[in-house]
Amino acid sequence: MRIKLRGKYYSLNMLSKADMKTETQKSCACLKDSDIPKGLCDAPNKEEKKISIRKRQSLKSEFETILHESLHACNWEWDECAVDETAHDISKLLFKFYSIERK
Ligand SMILES: [Zn+2]
């Protein structure tokens, strides 16, 4: 899926664990609870930019991961801690007020 974030186009892909492992070797990974990242985001100045999201996460985890990687794309200068904390807090807030489901 092609998405636009702050005027830049990214290809957003849902990947298997095996494919995420391969992608991790090529870009900056957001490691959390395992050596296989939940998400990856290419630098905004890269050609053919990608955001990769690991398949088979819980709905909340997948939602937070997409938000997390989108925040990296929009605020590349933020450190991992700022991105992680912001994604977690906003995700929690939105889940409190809305029923969110996959399309
Ligand atoms: Zn991250």
Failed item, numbered, when Glu23 is tested on (1) within 15 Å of the ligand (Cβ to nearest atom); (2) in contact (Cβ under 8 Å) with a residue 40 or more places away in the chain; (3) not small (Gly, Ala, Ser): (2)
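Say we look at the stretch 55-72 and pick out the residues that are of a type in the set (Gly, Ala, Ser) and within 12 Å of the chain's Cα centre (by Cα); which of these is nearest to the ligand (Cβ to nearest atom)?
Within the stretch 55-72, the first condition is being of a type in the set (Gly, Ala, Ser), and the residues that meet it are 58, 61, 70.
Right, trim to within 12 Å of the chain's Cα centre (by Cα) and you get 61, 70.
On the way: Ser61: 14, Ser70: 11 Å.
For the stretch 55-72, the residue satisfying everything is Ser70.
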Those residues of the stretch 90-103 which are part of a helix (DSSP H, G or I) and either touching a strand residue (DSSP E or B) at 6+ places or on another chain (Cβ under 8 Å) or loosely packed, with under 12 Cβ neighbours inside 10 Å (or both) amount to Lys92, Leu93, Lys96, Phe97
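Of everything in the stretch 53-76, what is of a type in the set (S, T, N, Q), in contact (Cβ under 8 Å) with a residue 12 or more places away in the chain and in a loop (DSSP other than H, G, I, E, B)? Give them in sequence order. Walk me through it before giving the result.
Of all residues in the stretch 53-76, those of a type in the set (S, T, N, Q) come to 57-58, 61, 65, 70, 75.
If we keep only those that are in contact (Cβ under 8 Å) with a residue 12 or more places away in the chain as well, we get 57, 61, 65, 70.
Gln57 - this is the single residue of the stretch 53-76 that is of a type in the set (S, T, N, Q), in contact (Cβ under 8 Å) with a residue 12 or more places away in the chain and in a loop (DSSP other than H, G, I, E, B).
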Checked against (1) away from the ligand (no atom under 14 Å from the Cβ); (2) hydrophobic (A, V, I, L, M, F, W, C); (3) touching a helix residue (DSSP H, G or I) at 6+ places or on another chain (Cβ under 9 Å), Phe97 satisfies every condition except (3)
List the pairs whose first member sits in the stretch 77-103 and is within 16 Å of Lys38 (Cβ to Cβ), whose second member is modelled with pLDDT under 95 and not in a helix (DSSP H, G or I), and whose Cβ atoms are under 7 Å apart, counting only residues at least 6 apart or on separate chains? Glu80/Cys30
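The values are calculated or read from the model by the stated rules, or taken from the named source; none is laboratory data. Quick caveat: nothing in here was measured; it's all calculated off a predicted structure. So basically every Cβ, Gly included, is an ideal-geometry build from the backbone, and we count neighbours across all protein chains shown.
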